[in-house]
1. Which loop-located GluC sites (Glu not before Pro) does region 241-344 contain, where loop means any DSSP state but H, G, I, E or B and the Cβ has at most 11 other Cβ atoms within 10 Å?
2. Only loop residues by DSSP count here, and only those with at most 16 other Cβ atoms within 10 Å; note down the GluC sites (Glu not before Pro) in region 150-195 that meet that.
3. Please report the carbon-and-sulfur percent of the accessible area for region 129-256; probe 1.4 Å, protein heavy atoms only, DNA, RNA and ligands left out.
4. Using a basic spin-label model with each label point 7 Å from the Cα along Cα→Cβ, how many nm lie between Asn2 and Asp129?
5. What residue among Leu105, Leu296, Leu324 shows peak mean-square fluctuation when the chain is described by a Gaussian network model with Cα springs under 10 Å?
6. Could you sort out which of Lys57/Lys292; Lys292/Lys318; Lys62/Lys186; Lys57/Lys182 sit more than 28 Å apart by Cα distance in this structure?
7. Net charge near Lys62: determine it from the other residues with C-beta under 14 Å of the C-beta of Lys62, scoring Lys and Arg +1 and Asp and Glu -1.
8. Find how much the distance from Arg122 to Asp328 grows on full extension, using 0.36 nm per residue of separation minus their present alpha carbon separation; answer in nm with one decimal.
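The values are calculated or read from the model by the stated rules, or taken from the named source; none is laboratory data. Computed from a predicted model, the values in this text were never measured in an experiment. Virtual Cβ from ideal backbone geometry, glycine too; neighbours counted across all protein chains shown. For the accessible areas, the whole protein counts, side chains as well, though only heavy atoms, and no ligand, DNA or RNA atoms are used. Shrake-Rupley method; radii C 1.70, N 1.55, O 1.52, S 1.80 Å.
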Amino acid sequence: MNYRITLLPGDGIGPEIMTVAVDVLKVISKQFNLNFEFQEAPIGGVAIDATGEPLPKETLEKCRNSDAVLLAAIGGYKWDNLPRHQRPETGLLGLRAGLGLFANLRPAKILPQLIDASSLKREIVEGVDIMVVRELTGGIYFGTPKGVFETETGEKRGVNTMAYTESEIDRIAKVGFETAQKRGGKLCSVDKANVLEVSQFWRDRITQMSSEFPNVELSHLYVDNAAMQLVRWPKQFDTIVTGNLFGDILSDAAAMLTGSIGMLPSASLGASGPGVFEPVHGSAPDIAGQDKANPLAQVLSVAMMLRYALEQPAAADKIEEAVLQVLDLGYRTGDIMSEGMKQVGCKEMAEVLLKVLS
Ligand code: IPM
Ligand code: MG
(Lines give C-alpha, C1' and ligand atoms only; values in the text may rest on other atoms or scores of the structure.)
(Ligands and ions follow the chains in the order given, each with its own letter.)
Protein backbone atom coordinates (compact mmCIF):
# COMPACT_ATOMS: atom_id res chain seq x y z
CA MET A 1 0.00 0.00 0.00
CA ASN A 2 1.10 3.55 -0.75
CA TYR A 3 0.36 6.38 1.64
CA ARG A 4 1.14 10.04 1.38
CA ILE A 5 1.74 11.54 4.81
CA THR A 6 2.03 15.26 5.44
CA LEU A 7 4.44 16.05 8.27
CA LEU A 8 3.94 19.25 10.25
CA PRO A 9 6.81 19.39 12.77
CA GLY A 10 5.97 22.93 13.89
CA ASP A 11 7.76 24.58 16.80
CA GLY A 12 9.68 23.89 20.00
CA ILE A 13 10.33 20.18 20.52
CA GLY A 14 8.20 19.44 17.44
CA PRO A 15 11.05 18.76 14.98
CA GLU A 16 12.89 16.49 17.48
CA ILE A 17 9.92 14.24 18.15
CA MET A 18 8.81 14.24 14.51
CA THR A 19 12.17 12.77 13.51
CA VAL A 20 11.48 9.84 15.83
CA ALA A 21 8.01 9.34 14.35
CA VAL A 22 9.43 9.21 10.83
CA ASP A 23 12.12 6.73 11.85
CA VAL A 24 9.43 4.51 13.39
CA LEU A 25 7.38 4.67 10.19
CA LYS A 26 10.43 3.71 8.13
CA VAL A 27 10.93 0.56 10.20
CA ILE A 28 7.21 -0.26 10.09
CA SER A 29 7.07 0.26 6.33
CA LYS A 30 9.54 -2.57 5.74
CA GLN A 31 7.90 -4.94 8.19
CA PHE A 32 4.36 -4.44 6.93
CA ASN A 33 5.15 -3.77 3.29
CA LEU A 34 3.75 -0.25 3.37
CA ASN A 35 5.11 2.58 1.32
CA PHE A 36 5.12 6.03 2.88
CA GLU A 37 5.69 9.16 0.86
CA PHE A 38 6.45 12.05 3.21
CA GLN A 39 5.87 15.71 2.46
CA GLU A 40 6.74 18.37 5.01
CA ALA A 41 5.11 21.77 5.48
CA PRO A 42 5.39 24.69 7.91
CA ILE A 43 2.71 25.55 10.48
CA GLY A 44 2.65 27.75 13.59
CA GLY A 45 5.62 29.90 14.56
CA VAL A 46 7.97 28.60 11.88
CA ALA A 47 5.33 29.40 9.27
CA ILE A 48 4.86 32.90 10.71
CA ASP A 49 8.62 33.49 10.47
CA ALA A 50 8.78 32.19 6.90
CA THR A 51 5.57 33.62 5.42
CA GLY A 52 3.89 35.90 7.96
CA GLU A 53 0.99 33.47 8.36
CA PRO A 54 0.54 30.59 10.85
CA LEU A 55 -1.17 28.39 8.26
CA PRO A 56 0.03 29.15 4.72
CA LYS A 57 -2.37 28.14 1.94
CA GLU A 58 0.19 25.71 0.55
CA THR A 59 0.36 23.90 3.88
CA LEU A 60 -3.40 23.37 3.97
CA GLU A 61 -3.35 22.26 0.32
CA LYS A 62 -0.63 19.70 1.04
CA CYS A 63 -2.62 18.39 4.00
CA ARG A 64 -5.72 18.04 1.84
CA ASN A 65 -3.71 16.11 -0.73
CA SER A 66 -2.58 13.43 1.64
CA ASP A 67 -3.89 10.29 3.32
CA ALA A 68 -3.11 11.54 6.80
CA VAL A 69 -1.42 14.42 8.59
CA LEU A 70 1.07 13.96 11.38
CA LEU A 71 1.45 17.09 13.50
CA ALA A 72 3.95 17.60 16.33
CA ALA A 73 3.35 20.87 18.19
CA ILE A 74 3.06 24.60 17.65
CA GLY A 75 3.74 27.80 19.56
CA GLY A 76 6.44 29.44 21.64
CA TYR A 77 7.27 32.58 23.62
CA LYS A 78 8.46 34.38 20.52
CA TRP A 79 4.99 34.52 18.98
CA ASP A 80 2.93 34.95 22.15
CA ASN A 81 2.36 38.67 21.72
CA LEU A 82 1.37 38.79 18.08
CA PRO A 83 -2.17 39.83 17.13
CA ARG A 84 -4.61 36.90 17.32
CA HIS A 85 -4.89 36.26 13.56
CA GLN A 86 -1.12 35.80 13.39
CA ARG A 87 -0.68 33.57 16.39
CA PRO A 88 0.40 29.93 16.05
CA GLU A 89 -2.87 28.74 17.68
CA THR A 90 -4.82 30.38 14.88
CA GLY A 91 -2.95 28.13 12.46
CA LEU A 92 -4.05 25.06 14.38
CA LEU A 93 -7.67 26.20 14.50
CA GLY A 94 -7.49 26.95 10.75
CA LEU A 95 -6.19 23.45 10.08
CA ARG A 96 -9.04 21.89 12.08
CA ALA A 97 -11.65 24.01 10.33
CA GLY A 98 -10.00 23.70 6.90
CA LEU A 99 -10.01 19.90 7.04
CA GLY A 100 -13.43 19.69 8.75
CA LEU A 101 -12.00 17.79 11.73
CA PHE A 102 -15.03 17.88 13.98
CA ALA A 103 -14.17 14.88 16.14
CA ASN A 104 -11.19 14.86 18.46
CA LEU A 105 -10.36 11.60 20.21
CA ARG A 106 -8.17 11.96 23.28
CA PRO A 107 -7.45 8.75 25.13
CA ALA A 108 -6.25 8.93 28.73
CA LYS A 109 -5.12 5.48 29.72
CA ILE A 110 -2.96 4.82 32.70
CA LEU A 111 0.02 2.62 31.94
CA PRO A 112 0.91 0.23 34.79
CA GLN A 113 4.59 1.11 34.29
CA LEU A 114 3.91 4.79 34.98
CA ILE A 115 1.37 4.56 37.74
CA ASP A 116 3.65 6.29 40.24
CA ALA A 117 4.06 9.25 37.91
CA SER A 118 0.44 10.21 38.59
CA SER A 119 -0.14 12.89 41.19
CA LEU A 120 -3.12 10.87 42.46
CA LYS A 121 -3.03 7.78 44.65
CA ARG A 122 -2.47 4.41 43.03
CA GLU A 123 -5.89 3.01 44.00
CA ILE A 124 -7.61 5.98 42.38
CA VAL A 125 -5.84 5.83 39.03
CA GLU A 126 -5.04 2.14 38.62
CA GLY A 127 -6.95 0.82 35.61
CA VAL A 128 -8.16 4.22 34.38
CA ASP A 129 -8.98 4.06 30.67
CA ILE A 130 -10.95 7.04 29.42
CA MET A 131 -11.64 8.29 25.92
CA VAL A 132 -12.59 11.95 25.63
CA VAL A 133 -14.50 12.68 22.42
CA ARG A 134 -14.26 16.44 22.02
CA GLU A 135 -16.20 18.43 19.42
CA LEU A 136 -13.53 20.40 17.58
CA THR A 137 -14.90 22.75 14.93
CA GLY A 138 -17.86 24.40 16.65
CA GLY A 139 -18.98 25.82 19.97
CA ILE A 140 -17.48 28.92 21.51
CA TYR A 141 -14.22 28.52 19.59
CA PHE A 142 -15.92 29.29 16.29
CA GLY A 143 -19.36 30.79 17.08
CA THR A 144 -20.26 34.27 15.88
CA PRO A 145 -20.51 37.09 16.72
CA LYS A 146 -16.99 37.22 18.09
CA GLY A 147 -14.66 40.12 18.70
CA VAL A 148 -14.33 43.27 20.74
CA PHE A 149 -17.02 45.79 19.92
CA GLU A 150 -17.93 49.23 21.11
CA THR A 151 -21.29 49.59 22.84
CA GLU A 152 -23.66 52.56 22.43
CA THR A 153 -22.16 54.16 25.51
CA GLY A 154 -18.68 53.92 24.02
CA GLU A 155 -17.60 51.15 26.35
CA LYS A 156 -15.75 48.23 24.82
CA ARG A 157 -17.21 44.71 25.12
CA GLY A 158 -15.57 41.38 24.34
CA VAL A 159 -17.79 38.73 22.80
CA ASN A 160 -17.66 35.06 21.92
CA THR A 161 -20.66 32.89 21.14
CA MET A 162 -21.31 29.32 22.16
CA ALA A 163 -23.53 27.83 19.49
CA TYR A 164 -24.27 24.35 18.18
CA THR A 165 -26.57 23.34 15.34
CA GLU A 166 -28.54 20.08 15.28
CA SER A 167 -26.24 18.53 12.71
CA GLU A 168 -23.11 19.54 14.61
CA ILE A 169 -24.41 17.88 17.77
CA ASP A 170 -25.69 14.80 15.97
CA ARG A 171 -22.45 14.01 14.19
CA ILE A 172 -20.28 14.28 17.30
CA ALA A 173 -22.89 12.39 19.36
CA LYS A 174 -22.73 9.57 16.80
CA VAL A 175 -18.95 9.40 17.14
CA GLY A 176 -19.42 9.35 20.93
CA PHE A 177 -21.94 6.50 20.88
CA GLU A 178 -19.95 4.47 18.33
CA THR A 179 -16.74 4.95 20.30
CA ALA A 180 -18.47 3.86 23.52
CA GLN A 181 -19.91 0.84 21.72
CA LYS A 182 -16.40 -0.31 20.76
CA ARG A 183 -15.13 0.29 24.31
CA GLY A 184 -16.84 -0.24 27.65
CA GLY A 185 -20.38 0.62 26.47
CA LYS A 186 -20.73 3.70 28.67
CA LEU A 187 -21.09 7.24 27.37
CA CYS A 188 -21.12 10.31 29.59
CA SER A 189 -22.18 13.53 27.91
CA VAL A 190 -20.83 16.66 29.60
CA ASP A 191 -22.56 20.04 29.37
CA LYS A 192 -23.76 23.01 31.42
CA ALA A 193 -27.47 22.50 30.84
CA ASN A 194 -28.40 24.06 34.20
CA VAL A 195 -27.27 27.43 32.88
CA LEU A 196 -26.77 27.41 29.11
CA GLU A 197 -29.52 27.05 26.49
CA VAL A 198 -27.04 25.64 24.01
CA SER A 199 -26.18 22.95 26.55
CA GLN A 200 -29.81 22.01 27.19
CA PHE A 201 -30.23 21.68 23.43
CA TRP A 202 -27.08 19.51 23.29
CA ARG A 203 -28.45 17.29 26.08
CA ASP A 204 -31.84 16.90 24.40
CA ARG A 205 -30.34 15.90 21.03
CA ILE A 206 -28.01 13.38 22.60
CA THR A 207 -30.79 11.88 24.69
CA GLN A 208 -32.87 11.55 21.53
CA MET A 209 -30.08 9.73 19.71
CA SER A 210 -29.58 7.26 22.55
CA SER A 211 -32.56 5.17 21.34
CA GLU A 212 -30.44 4.23 18.30
CA PHE A 213 -27.78 2.82 20.62
CA PRO A 214 -29.67 0.64 23.13
CA ASN A 215 -26.47 -1.16 24.12
CA VAL A 216 -24.75 2.06 25.23
CA GLU A 217 -25.51 3.32 28.73
CA LEU A 218 -25.87 7.11 28.49
CA SER A 219 -25.40 9.50 31.39
CA HIS A 220 -25.13 13.30 31.67
CA LEU A 221 -22.99 15.47 33.91
CA TYR A 222 -22.59 19.19 34.32
CA VAL A 223 -19.07 20.20 33.47
CA ASP A 224 -18.13 21.42 36.96
CA ASN A 225 -19.24 18.12 38.46
CA ALA A 226 -17.49 16.20 35.69
CA ALA A 227 -14.20 17.96 36.52
CA MET A 228 -14.67 17.01 40.17
CA GLN A 229 -15.60 13.38 39.39
CA LEU A 230 -12.56 13.04 37.13
CA VAL A 231 -10.20 13.64 40.04
CA ARG A 232 -12.43 12.01 42.67
CA TRP A 233 -13.06 8.62 41.05
CA PRO A 234 -11.92 8.56 37.41
CA LYS A 235 -12.67 4.85 36.99
CA GLN A 236 -16.39 5.64 36.69
CA PHE A 237 -15.73 7.01 33.19
CA ASP A 238 -15.45 5.07 29.96
CA THR A 239 -16.22 7.43 27.07
CA ILE A 240 -16.94 11.15 27.49
CA VAL A 241 -18.51 13.25 24.75
CA THR A 242 -18.52 17.01 25.09
CA GLY A 243 -18.26 20.35 23.31
CA ASN A 244 -15.15 22.17 22.22
CA LEU A 245 -14.32 24.29 25.29
CA PHE A 246 -15.37 21.75 27.93
CA GLY A 247 -13.43 19.09 26.02
CA ASP A 248 -10.34 21.28 25.93
CA ILE A 249 -10.38 21.61 29.70
CA LEU A 250 -11.48 18.09 30.66
CA SER A 251 -9.04 16.41 28.30
CA ASP A 252 -6.14 18.17 30.02
CA ALA A 253 -7.43 17.06 33.41
CA ALA A 254 -7.94 13.48 32.15
CA ALA A 255 -4.46 13.52 30.64
CA MET A 256 -2.92 14.52 33.94
CA LEU A 257 -4.48 11.53 35.70
CA THR A 258 -2.04 9.39 33.78
CA GLY A 259 0.93 11.26 35.20
CA SER A 260 2.43 12.30 31.94
CA ILE A 261 0.88 14.34 29.25
CA GLY A 262 4.08 13.43 27.37
CA MET A 263 2.64 9.97 26.71
CA LEU A 264 -0.72 10.81 25.17
CA PRO A 265 -1.63 10.85 21.49
CA SER A 266 -4.78 12.21 19.85
CA ALA A 267 -6.69 11.91 16.61
CA SER A 268 -8.79 14.56 14.90
CA LEU A 269 -11.17 13.19 12.31
CA GLY A 270 -13.64 14.58 9.79
CA ALA A 271 -16.49 13.03 7.85
CA SER A 272 -14.09 12.25 5.02
CA GLY A 273 -10.59 13.27 3.99
CA PRO A 274 -7.37 13.09 5.97
CA GLY A 275 -7.29 13.18 9.76
CA VAL A 276 -4.67 14.90 11.90
CA PHE A 277 -2.73 12.89 14.47
CA GLU A 278 -0.78 14.70 17.16
CA PRO A 279 0.41 14.46 20.75
CA VAL A 280 -1.81 16.06 23.38
CA HIS A 281 1.17 17.96 24.79
CA GLY A 282 2.44 21.27 23.47
CA SER A 283 5.71 22.49 22.01
CA ALA A 284 7.56 22.72 25.38
CA PRO A 285 9.77 25.66 24.33
CA ASP A 286 11.60 25.51 27.67
CA ILE A 287 13.27 22.21 26.72
CA ALA A 288 13.38 22.59 22.93
CA GLY A 289 16.65 21.64 21.25
CA GLN A 290 18.10 20.09 24.43
CA ASP A 291 17.41 16.42 23.66
CA LYS A 292 15.08 16.20 26.65
CA ALA A 293 11.71 15.73 24.96
CA ASN A 294 9.62 12.60 25.37
CA PRO A 295 8.93 11.34 21.83
CA LEU A 296 6.47 8.63 22.90
CA ALA A 297 3.23 10.61 22.51
CA GLN A 298 4.30 11.41 18.96
CA VAL A 299 5.07 7.75 18.35
CA LEU A 300 1.70 6.72 19.78
CA SER A 301 0.11 9.29 17.47
CA VAL A 302 1.68 7.37 14.60
CA ALA A 303 -0.05 4.27 15.96
CA MET A 304 -3.38 6.12 16.07
CA MET A 305 -2.82 7.23 12.48
CA LEU A 306 -2.20 3.64 11.38
CA ARG A 307 -5.30 2.47 13.23
CA TYR A 308 -7.82 5.18 12.42
CA ALA A 309 -6.72 6.58 9.05
CA LEU A 310 -4.73 3.90 7.27
CA GLU A 311 -6.50 0.81 8.56
CA GLN A 312 -3.32 -0.95 9.56
CA PRO A 313 -4.23 -2.19 13.05
CA ALA A 314 -1.45 -4.79 13.18
CA ALA A 315 1.18 -2.10 12.59
CA ALA A 316 -0.48 0.08 15.23
CA ASP A 317 -0.45 -2.80 17.74
CA LYS A 318 3.21 -3.41 17.05
CA ILE A 319 4.14 0.21 17.83
CA GLU A 320 2.03 0.34 20.99
CA GLU A 321 3.59 -2.89 22.24
CA ALA A 322 7.08 -1.57 21.51
CA VAL A 323 6.38 1.55 23.60
CA LEU A 324 5.27 -0.59 26.54
CA GLN A 325 8.35 -2.78 26.16
CA VAL A 326 10.67 0.22 26.27
CA LEU A 327 8.99 1.30 29.51
CA ASP A 328 9.28 -2.25 30.86
CA LEU A 329 13.01 -2.07 30.17
CA GLY A 330 13.12 0.92 32.51
CA TYR A 331 13.86 3.74 30.06
CA ARG A 332 12.33 7.11 30.98
CA THR A 333 12.61 10.65 29.72
CA GLY A 334 12.73 13.38 32.40
CA ASP A 335 8.97 13.98 32.42
CA ILE A 336 8.19 10.38 33.46
CA MET A 337 11.32 9.64 35.45
CA SER A 338 10.99 7.79 38.74
CA GLU A 339 13.38 6.19 41.20
CA GLY A 340 15.38 3.24 39.94
CA MET A 341 14.66 3.93 36.28
CA LYS A 342 17.16 4.89 33.61
CA GLN A 343 16.85 8.49 32.49
CA VAL A 344 17.48 9.07 28.79
CA GLY A 345 17.09 11.88 26.29
CA CYS A 346 14.90 11.97 23.22
CA LYS A 347 17.54 10.43 20.95
CA GLU A 348 18.40 7.55 23.23
CA MET A 349 14.74 6.81 23.83
CA ALA A 350 14.32 6.66 20.05
CA GLU A 351 17.30 4.33 19.64
CA VAL A 352 15.95 1.90 22.21
CA LEU A 353 12.50 2.02 20.68
CA LEU A 354 13.79 1.36 17.18
CA LYS A 355 15.86 -1.55 18.45
CA VAL A 356 12.81 -3.07 20.14
CA LEU A 357 10.76 -2.54 16.97
CA SER A 358 13.20 -4.16 14.58
C1 IPM B 1 -5.59 21.86 22.44
C2 IPM B 1 -5.01 23.23 22.62
C3 IPM B 1 -5.63 24.14 21.58
C4 IPM B 1 -7.11 24.22 21.85
C5 IPM B 1 -5.01 25.54 21.47
C6 IPM B 1 -3.50 25.47 21.29
C7 IPM B 1 -5.64 26.35 20.38
O8 IPM B 1 -5.18 23.69 23.91
O9 IPM B 1 -5.45 21.28 21.36
O10 IPM B 1 -6.20 21.36 23.38
O11 IPM B 1 -7.55 25.02 22.70
O12 IPM B 1 -7.86 23.49 21.22
MG1 MG C 1 -6.01 22.23 25.23
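1. Working: sites: Glu311, Glu320, Glu321, Glu339; in loops: Glu311, Glu339.
Of the GluC sites (Glu not before Pro), the ones in loops of region 241-344 whose Cβ has at most 11 other Cβ atoms within 10 Å are Glu311, Glu339.
2. Working: sites: Glu150, Glu152, Glu155, Glu166, Glu168, Glu178; in loops: Glu152, Glu155.
Passing both the DSSP loop test and the Cβ count: Glu152, Glu155.
3. On the way: 3340 of 6370 Å².
Reported share for carbon and sulfur atoms: 52 percent.
4. Label at Asn2, label at Asp129, 3.8 nm between them.
5. Comparing Leu105, Leu296, Leu324 in the GNM, the peak value goes to Leu324.
6. Details: Lys57/Lys292 33 Å; Lys292/Lys318 25 Å; Lys62/Lys186 38 Å; Lys57/Lys182 37 Å.
Beyond 28 Å between Cα atoms: Lys57/Lys292; Lys62/Lys186; Lys57/Lys182.
7. On the way: positive: Arg4, Lys57, Arg64; negative: Glu37, Glu40, Glu58, Glu61, Asp67.
Charge balance near Lys62 sits at -2.
8. On the way: separation 206, 0.36 × 206 = 74.16 nm, distance 1.82 nm.
Between Arg122 and Asp328, full extension yields 72.3 nm more.
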